[in-house]
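A short write-up of the structure that comes next.
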Amino acid sequence: MENLISLWQSTGIYNFTAGQVFMMLIGFLLLFLAIKKGFEPLLLLPIGFGAILSNIPVAGISQEGGLLYFLYYGIKLGIFPLLIFMGVGAMTDFGPMLANPKTLLLGAAAQFGIFASLLGALALNAVPGLEFTLRDAAAIGIIGGADGPTAIYVASKLAPDLLGAIAVAAYSYMALVPLIQPPIMRALTTEAERKIEMQQLRHVSKTEKILFPLILLLLSILLLPSSTPLVGMFALGNLMNSCGVVDRLSQTAQNELINIVTIFLGLAVGSKLSAEAFLQIKTLGILALGAVAFAIGTASGVIMAKIMNRFSDTPINPLIGAAGVSAVPMAARVANKIGLESNPHNFLLMHAMGPNVAGVIGSAVAAGVLLSLIK
Amino acid sequence: MENLISLWQSTGIYNFTAGQVFMMLIGFLLLFLAIKKGFEPLLLLPIGFGAILSNIPVAGISQEGGLLYFLYYGIKLGIFPLLIFMGVGAMTDFGPMLANPKTLLLGAAAQFGIFASLLGALALNAVPGLEFTLRDAAAIGIIGGADGPTAIYVASKLAPDLLGAIAVAAYSYMALVPLIQPPIMRALTTEAERKIEMQQLRHVSKTEKILFPLILLLLSILLLPSSTPLVGMFALGNLMNSCGVVDRLSQTAQNELINIVTIFLGLAVGSKLSAEAFLQIKTLGILALGAVAFAIGTASGVIMAKIMNRFSDTPINPLIGAAGVSAVPMAARVANKIGLESNPHNFLLMHAMGPNVAGVIGSAVAAGVLLSLIK
Amino acid sequence: MENLISLWQSTGIYNFTAGQVFMMLIGFLLLFLAIKKGFEPLLLLPIGFGAILSNIPVAGISQEGGLLYFLYYGIKLGIFPLLIFMGVGAMTDFGPMLANPKTLLLGAAAQFGIFASLLGALALNAVPGLEFTLRDAAAIGIIGGADGPTAIYVASKLAPDLLGAIAVAAYSYMALVPLIQPPIMRALTTEAERKIEMQQLRHVSKTEKILFPLILLLLSILLLPSSTPLVGMFALGNLMNSCGVVDRLSQTAQNELINIVTIFLGLAVGSKLSAEAFLQIKTLGILALGAVAFAIGTASGVIMAKIMNRFSDTPINPLIGAAGVSAVPMAARVANKIGLESNPHNFLLMHAMGPNVAGVIGSAVAAGVLLSLIK
Amino acid sequence: MTELMSSGLELMLAGMAIVFLFLAMLVVVINATSKLITRYLPEEVASHNTVSVATNAETNKHYIAAITAAVHQYRSTH
Amino acid sequence: MTELMSSGLELMLAGMAIVFLFLAMLVVVINATSKLITRYLPEEVASHNTVSVATNAETNKHYIAAITAAVHQYRSTH
Amino acid sequence: MTELMSSGLELMLAGMAIVFLFLAMLVVVINATSKLITRYLPEEVASHNTVSVATNAETNKHYIAAITAAVHQYRSTH
Ligand code: NA
Ligand code: NA
Ligand code: NA
């Protein structure tokens, strides 16, 4: 009898708090978005599952001694995002960007979303009940980088309490890129601009591809050492792939290793989706600012492309500017799709890949600035 | 000269204790069983090797600073069994069980072996020299779950000192299922019963397969949160596989990740096969109780199937009840084989897979009960 | 403005020390050797990259809290070299050695390079400014083992400060085997000797291949337990491969697991290439002694083969003695190549594989001696 | 000792009860779910899926065509 | 210093002795094992293996047949 | 509060400046590298590579021939 009572008192039904129930629903919502809607499933599925597991009463899976507690160390120590970045580097082909380097500036412009939403977060302090420090604001702004590992890395350093909301916002908006970007792109461009055909990309030699990650690393060492953990691991992965002499390492980095770390990282991020941390007005602010960041980043990229088009001797279709936010390769595909709507023979995909991967570099640089200037 | 003496004094021959020699022989025996007899080689080979390594004098491979000492943390912290369970979940097809859900009850009945041997362990306290606490008894009983990671997880929480013996017993008896089960199955069934043909299984939709791990998780959250670490990771693996949108994660979970963890887990379990811990009368008790647990579990499953056959409108071959102990897929194969002996056209394999995977759920639930009620 | 100044003060340019610049150049040199010259790229590429990353000012990637700091624990605790050794064991085929066991003695003779350079290191103490302890000398000597993980394992135990230089020397000279060995081999042999054709190797049964790793382990347990961490993990890998019942574990050990650990180990070794540790006269001594070790090891192997050829009833081509240094499979290929120069129909490759893998065992045994006798 | 046995017996009763209860509830829920699915999203689900897959496939086909064309264009000139 | 050298020399002698001893013993044991195997479990081993493998293969064939049939039966009706 | 905003604004200016500066420098360096490569190691690089690859390939062919022959010889007798 005693046993039965103690058992009843140990059931989830007996111990649930409203917050836990709500967060578990958020977890199921993320699973639904991942599985049924195909929203960045590789990350939202483990994150959603982690959210469910960490909000189970009694079990304590994300408390000391629980699995998610240990996995979270991989984020806390900055290991998981860097290993993922290495894998992403190994998967990235810089060819289209090297063929048309000026598209790098589009990747720079789109980072304006980061700093605009940083400012927005600070402005939201005017709203009663909201209080974002500069560190919080910077971590929120990085959502605009449209790059998962970078966002998680920066948030884990500057505002670990907001990590869950920031990661969810970042991956959700990355999945929503095909919905968020097109109206902005159409609003800021004329039909004539969207029809612009671009020159074919020149051939890029293997030597250039091998040298590029080293040049990138060198520049970030000289100018912005605080960005080198991110840029360095990205360059390592890219070099392993482009050099052609360590294929077995490159393959493992972009397959098994990144898969293992992705499962662990997703679960660990999910473990930060606790009721206390997530169910705050802050979270609404973060979600709103994230959307703003994506929108402003997209707009900045497009406008920059329009400016460049005016001054460039070769034509630039402004649509590819939107790809500068990163969100590889989704944003580049969106640019391609909108371009095809205006001109069914105009394939912008390769041209958009340049600003797209440049956006990854741009957000890593922006992350370095934030990490270096904010104490 | 001094060197030579100090070298001689550092040889294994000089430093061996009788216990170490004996445990090393146990290690070699496990290797023999794994390699020559094909007994669960994926685990008994690393366990046997770990037993040898950890009983080498002087080297201290399982003492602080040694490799096996570090690997053991993966068990101590509960990480390895849960990762293996995730991989097993990804490999498991719940289709046959979902097509005939009432076979779940067979998986429930077979868990009687767990609690019977728990009681048996307590009864053995009457034997002078044997002293099992309630925690010990529960850890021993879980051998009857016929599920490796569950047994290791429970033993690491309730009775880490007995972990080595319990893991060895669990995997050995799982390998011995084709010897242990048939006589019991034959004794408890008539020839006519063994000939019973079962109805073909209905089609199970993809949606059902996707929803099942979530339903399973939800139920264990509501009723038995203490089972959610095990059930949760199992459900995660199963969902990753059935949902179809994260195939690369599912593949890694059921291949490279589970392989890596299996090597580490096996070695770490072997490191618990030290002379002090293993060479006790307790171990004989554990081995005896393990056999009892398997036998009782098998019998309970068969008897439950006979009862269900009486009340069910569709025929149930009692042989598939034996598969309820888990030991996937060995027990299901045994049921199939015994069935073929009586009726060469009666393929019970698919029907036996239902109770077989139900047994995994059943033992995870039983583990949750033990972890929740025993303080 | 303040921001700009603080940013300028956080640039790499502002903070560089001469030593860091120099070490970074060493890093780039290693990358060049790995990529352009094909020098052991699987290790020199990650090591070189690690050297660059760990010498970036401000970023602190190899200081507490940085990625390389954490990865280095895998070496400090002895985990990474042992896992690599397990993978190497799984890749090694002892067939040719078992077919002609007396070639094991060639693998023994070639270890003379280890002890000769150990003595050389102690002799270098006569040079003012150089000071090698017995531990340092032993760690340096092990370069002559021509086996990467063994060198790293021993150096991490005996002289962690010299680890970077020792690892770089070991892998560089292993890559240089095709340059270092041929002149020595030619100088010590006559044309007639180089033409010697060897008897075809006998068939080796599967049972022999399964038993060998166990025999090897048993012998090292009885005689030299201090060598069992290395020998044991090597034997485990080899047994997993030869026994044929745990192929999925063996495949993972020799592919994904070893690849992951190789990346981590390389980066972690690179993190020991800091200016303070590397830019010392000691390093020049280490590089010189490493070359001496390889040369003496090669010579000892060849001379031993000449002696054995005199007393053996079956002919032994002295060239295969050079393969006794290990450096698998490079040294065996060199022996084959030099043999072909004198006799275009004389394929020594298989015959040289015997001493080649024997050299791995020989250096692991030598490592055991050093670890056991040096306190 | 007898106390230990009695708590063991209690554990057995509670344990088996819960295991049965749990798996029996699972049977009920599975049956209910299966009925709900076949009633409310029967072939609809399948067809809905098929449609969305088809849409995706089409979209993908477009992407693939675009990518192929772009790659082709890009490579053919070098 | 000279003490250091002398302990180094001692180490060299002990070390090379042990390495040779160890590998020489390995030669002896390998030869012995190989002879034992060819004498006591020569083709017997092989044939024993072959038989057991064959049995396994047969058993497996049965299993595979059973599985195939069951799967076929299961699928053909859906 | 206003102080916070002003440091945010400063951060924005500094940040965008650095991001642009960094990527602009990257543009310059990439262009320079590309020109250097096409000027100083144009097809030379390619041909140099090809030669060294060829040498490697040849060497490898020799090795492979040797290995194949050795393995063949080794196996054919057993
Ligand atoms: Na970006
Ligand atoms: Na079970
Ligand atoms: Na060696």
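Read-outs throughout are calculated quantities, based only on the coordinates presented, and are distinct from any laboratory measurement. None of these values were measured; they are calculated from a predicted model. We place every Cβ from the backbone using ideal geometry, glycine too, and count neighbours over all the protein chains shown.
For the reader, a short list of remarks on this structure follows.
- Take each peptide in B:83-94, D:18-29, count the other Cβ atoms within 10 Å of every residue, and average; sorted highest first, the result is B:83-94, D:18-29.
- Chain C - percent relative contact order, Cα under 8 Å, separation 6 or more: 30 percent
- Set of aspartates and glutamates near C:Lys209 by C-alpha distance (under 18 Å), chain-local residues within fewer than 8 positions excluded: C:Asp93, C:Asp247, E:Glu43, E:Glu44
- Sorting the segments B:243-250, B:275-282 by their residues' average number of neighbouring beta-carbon atoms within 10 angstrom, most packed first, yields B:243-250, B:275-282.
- Within the same chain, aspartates and glutamates fewer than 8 places from A:Lys282 are excluded, and of the rest, those with a Cα less than 15 Å from its Cα are A:Glu131, A:Asp136, A:Asp161.
- Taking 13 Å as the cut-off, no amide N atom of region C:57-82 comes nearer than this to a point 7 Å along the Cα-to-beta-carbon line of C:Phe22.
- Per residue of peptide C:245-254, the mean number of Cβ atoms on other chains within 10 Å of the residue Cβ is 6.
- Residue exposure sequence - A:Arg333, C:Arg135, A:Arg310 - by fewest surrounding Cβ within 10 Å: A:Arg310, C:Arg135, A:Arg333
- Panel values: region B:174-245, Kirkwood radius from alpha carbon pairs, Stokes-Einstein at 20 °C and 1.002 mPa s, translational diffusion coefficient 137 µm²/s.
- Think of each Lys and Arg Cβ as +1 and each Asp and Glu Cβ as -1; about the Cα centre, that makes the dipole of region B:28-185 roughly 180 debye.
- Taken residue by residue and averaged, Cβ atoms of other chains lying within 10 Å of the Cβ of C:319-330 number 0.
- Over chain B, the reciprocal of the mean inverse Cα-Cα separation, the Kirkwood hydrodynamic radius, stands at 21.2 Å.
- Residue ranges A:231-237, B:303-309 sort as A:231-237, B:303-309 when ordered by packing (mean number of other C-beta atoms within 10 Å per residue, highest first).
- Length gained on full extension, C:Trp8 to C:Glu131: 40.2 nm, using 0.36 nm per residue less the C-alpha separation.
- Considering only chain C, the C-beta nearest to the rotation axis that sends C to B is found at C:Glu256, 3, the distance in whole Å.
- Theoretical ellipticity at 222 nm over chain C - DSSP helices of four or more residues, -39500 (n - 2.57) apiece, nearest 500: -22500 deg cm²/dmol
- Inter-copy label distances at C:Phe32 (7 Å, Cα→Cβ; nm, one decimal): 6.0, 6.0
- Distances between copies at B:Lys375, taken between label points 7 Å from Cα along the C-beta direction, are 5.0, 5.1 nm in increasing order.
- Relative contact order, percent, region B:196-263 [alpha-carbon distance under 8 Å, six or more residues apart]: 24 percent
- In plain terms, the residue of B:Phe16, A:Phe311, B:Phe264 with the fewest other Cβ atoms within 10 Å comes first and the most crowded comes last, giving A:Phe311, B:Phe16, B:Phe264.
- Calculated FRET efficiency for the pair C:Asn15/A:Lys375, C-beta based, R₀ 22 Å, to 0.05: 0.85
- Average beta carbon contacts from partner chains per residue of C:111-123, 10 Å cutoff: 4
- Positive dipole terminus of the protein assembly as shown, leading residue within A:Ser242, E:Phe20, C:Leu349 (C-beta point charges): C:Leu349
- Helical segments meeting 27 Å axial Cα length and Kyte-Doolittle 1.0 threshold in chain A (DSSP H): A:163-188, A:281-311, A:349-373
- Computed label-point distance, nm, for sites B:Gln63 and A:Ala288 using a 7 Å Cα→Cβ extension: 6.4 nm
- Radius of gyration (Cα atoms) of the protein assembly as shown, expressed as a multiple of 2.2 N^0.38 Å: 0.97.
- Mean separation of Cα pairs under 8 Å and 6 or more residues apart, divided by the residue count, gives region A:246-324 a relative contact order of 21 percent.
- If you take the Cα centroid of region A:262-318 and the Cα centroid of region C:308-375, the two points sit 60 Å apart.
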